[in-house]
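The values are calculated or read from the model by the stated rules, or taken from the named source; none is laboratory data. Predicted, not measured: the structure shown is a model, and the values here were computed from it. Glycine also receives a Cβ, built like all others from the backbone with ideal geometry; neighbour counts cover every protein chain displayed. Just so you know, the surface numbers come from the protein's heavy atoms only, side chains and all, with ligands and any DNA or RNA stripped out. Shrake-Rupley method; radii C 1.70, N 1.55, O 1.52, S 1.80 Å.
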Amino acid sequence: MRLQGKVALITGAGNGIGRETALLFAAEGAQVVVADVNRTAGEAVVREIEAAGGQAVFVRADVSKAADCEAMVQAAERSFGKLNVLFNNAGIMHSDDDNAVTTEESVWDLTMGINLKGVFLGCKYGIPALRRAGGGSIINTASFVALLGAATPQLAYTASKGGVLAMTRELAVIHAREGIRVNALCPGPLRTELLMSFLNTDEKKQRRLVHVPMGRFGEAAEIAYAALYLASDESSYVTGTEFMVDGGITAAYVTPE
Ligand code: NAD
């Protein structure tokens, strides 16, 4: 098993990428802390892991709140004795996120609070725990939109993910000699609740798919396998990367008909 003996904390683990990753990490031997603002969803994931013979605990945490982030890290150490892997994955895409003129300041602040400050706070409280464990792996969920602009705007979301990428690079450099690796995971467009509720018509979905060489949305499980590699010791020389898992979208200039 690829994560035997490791303790992993995953934010936004109640749904989508976080949920699939929690299930996969547990199946690969990790003890998993399922952190989410949605208690019902998070507790259901813990039950699924336990039913499959794995070990997990749920912690209700809003990653935009410092006290919650401190408490989720404490829960990892209290429940399983240490923290080896921190997956800062929770994020939102607000339906009113648009261009600079029309996006409300409140939408900007909410998005930045969860998507960008949430990663900072995860690291603020997670890094001391990783140090206590003798090192570890941090994975921050960014996005392909950190690298590409779109005419269908979601300005706050895009800016937040650009921030995650820049912060990841700097964290990787700061902590490289401590045995703490920090990588960004950049998913392409996925068939999860987050994007499907934003692209809420067939026309909007098709408009996005035109740009994906593979011609389909990705699945959360396809991102979980990339997270597994970054979490495991197999990636021991990998730090500071932008790990693209995007169906080829960032490689494309013109896509197949
Ligand atoms: P999702 O909506 O399926 O799941 C997100 C989870 O995060 C939910 O369980 C939700 O309750 C939780 N969450 C929301 N706000 C939270 C908060 N403040 N504190 C703690 N938990 C919170 O979304 P997903 O598609 O799995 O997205 C996960 C990450 O991947 C996000 O950071 C997202 O921006 C990123 N991403 C998604 C796509 C995509 O196309 N779906 C593409 C690139 C990047």
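Some points to look at:
- Of the peptides 29-35, 249-255, the ranking by mean beta-carbon count within 10 Å, highest at the top, reads 29-35, 249-255.
- Percent of Cα pairs exceeding the 31 Å cut-off, where the set is the chain: 20
- For region 127-257, the Stokes-Einstein estimate of translational diffusion at 10 °C and a viscosity of 1.306 mPa s comes to 101 µm²/s, using the Kirkwood hydrodynamic radius over alpha-carbon pairs.
- Proximal lysines relative to Lys6, as straight alpha-carbon distance under 23 Å, when same-chain residues fewer than 8 apart are discounted: Lys82, Lys124
- The mean accessible area for residues of the chain, using a 1.4 Å probe and ignoring ligands and nucleic acids, is 46 Å² per residue.
- With every protein chain in place, the chain: carbon and sulfur % of accessible area (1.4 Å): 53
- Under the Debye formula (equal points on every Cα, no solvent term), log10 I(q)/I(0) of region 106-165 at q = 0.17, 0.19, 0.29 Å⁻¹: -0.61, -0.71, -1.14
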